[in-house]
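All of the numbers you see were taken from the coordinates with simple rules; none came from a lab. Here the structure is a predicted model, which is why all the values come from computation and not from measurement. Backbone-built Cβ (ideal geometry, glycine too); neighbour counts: all protein chains shown.
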Amino acid sequence: KNPRRSVKKHIDLRRSKKGTQGIIMNVGIKSLSGILPKYHTEGSAGLDVRAYIEDEICIKRGKISMVHTGLFFDIPKGFEIQVRARSGLASKHGIGLANGVGTIDSDYTGELIIPLINLGEKDYVVKNNDRIAQILLARCERINWQEREEIDKGEGRQDQGFGHTGIE
């Protein structure tokens, strides 16, 4: 079975307003609220995801809360949905994702639940319908390991890290 063939049924090529070719993936979704994640500007890379909660959630300083979204996805094989923090929540309130960047695998069918962490100075209240994270669809390549005795240290490659090139 050709894995690319199964992906083709999800791809929709369309012309953007500027006349350039863009790729739009069809991804199945179930939303308990009836509100779908959406791009808020023409240039947005991520789609905003909203909280789907009955009662407000107060995230205390230094604590993590699991926030429901009411969203379920049918992600094409060979792809993932990445979950990322919203920059405004992070920079203004210290609210981020407890796991940094989340991955929703194509074989996961449960609800998207966002682990928000409060790294700010004040408690933060999440209300129903608040935009709490953003998601992106990304292709996932599979790895076929090639074991070696030595790693190629050809031109430009090195084993130093953690700021070895400085800040200037």
May I ask you to compute the full-extension gain from Arg142 to Ile29, defined as 0.36 nm times their residue separation minus their alpha-carbon distance, rounded to one decimal in nm? 38.2 nm
Once you have the Cα-Cα distance between Thr165 and Leu47, take 0.36 nm times their residue separation minus that, and quote the gain in nm to one decimal. 39.0 nm
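Given axes a ≥ b ≥ c from the Cα gyration tensor, I'd like to know whether region 21-168 is rounded (a/c under 1.5), prolate (a/b larger than b/c) or oblate. Could you put the intermediate results ahead of the total?
Details: a/c = 2.13, a/b = 1.37, b/c = 1.56.
Note, shape of region 21-168 comes out oblate.
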In nm², the average projected area of the convex hull spanned by the Cα atoms of region 87-168 is 10.3
For the Asn128, Lys153 Cβ pair and Förster radius 45 Å, calculated FRET efficiency rounded to 0.05 is 0.25
Report the one residue of Ile132, Thr103, Ile113 whose Cα lies farthest in the direction of the positive end of the charge dipole of region 87-168 (charges on C-beta: Lys and Arg +1, Asp and Glu -1; origin at the Cα centre). Ile132
Placing one equal point scatterer on each C-alpha of region 108-156 and summing with Debye, one gets log10 I(q)/I(0) at q = 0.12, 0.16, 0.23 Å⁻¹ equal to -0.64, -0.78, -1.12
Sparsely packed chymotrypsin sites (Phe, Trp or Tyr not before Pro) within region 65-150, loop by DSSP, other Cβ within 10 Å at most 15: Tyr108, Trp145
For region 68-141 the GluC sites (Glu not before Pro) that pass both the DSSP coil test and the at-most-10 other-Cβ-within-10 Å test are Glu121, Glu141
Amide H contacts under 5 Å for Ala133, restricted to residues at least 5 apart in sequence or on another chain and with H modeled in the peptide plane, are Val49
Work out from phi, with θ = phi - 60° and the Karplus expression 6.51 cos²θ - 1.76 cosθ + 1.60, the ³J(HN,Hα) of each residue of region 99-114, listed in order in whole Hz, and give x for Gly and Pro. 9, x, 10, x, 10, 9, 6, 5, 9, 8, 10, x, 5, 6, 10, 9
So which of Lys38/Lys92; Lys38/Lys60; Lys38/Lys122; Lys38/Lys63; Lys38/Lys127 end up more than 20 Å apart by C-alpha? Lys38/Lys92; Lys38/Lys60; Lys38/Lys122; Lys38/Lys63
Write down Rg/Rh for region 48-95, rounded to two decimals, with Rg from the C-alpha atoms and Rh from the Kirkwood relation over Cα pairs. 1.02
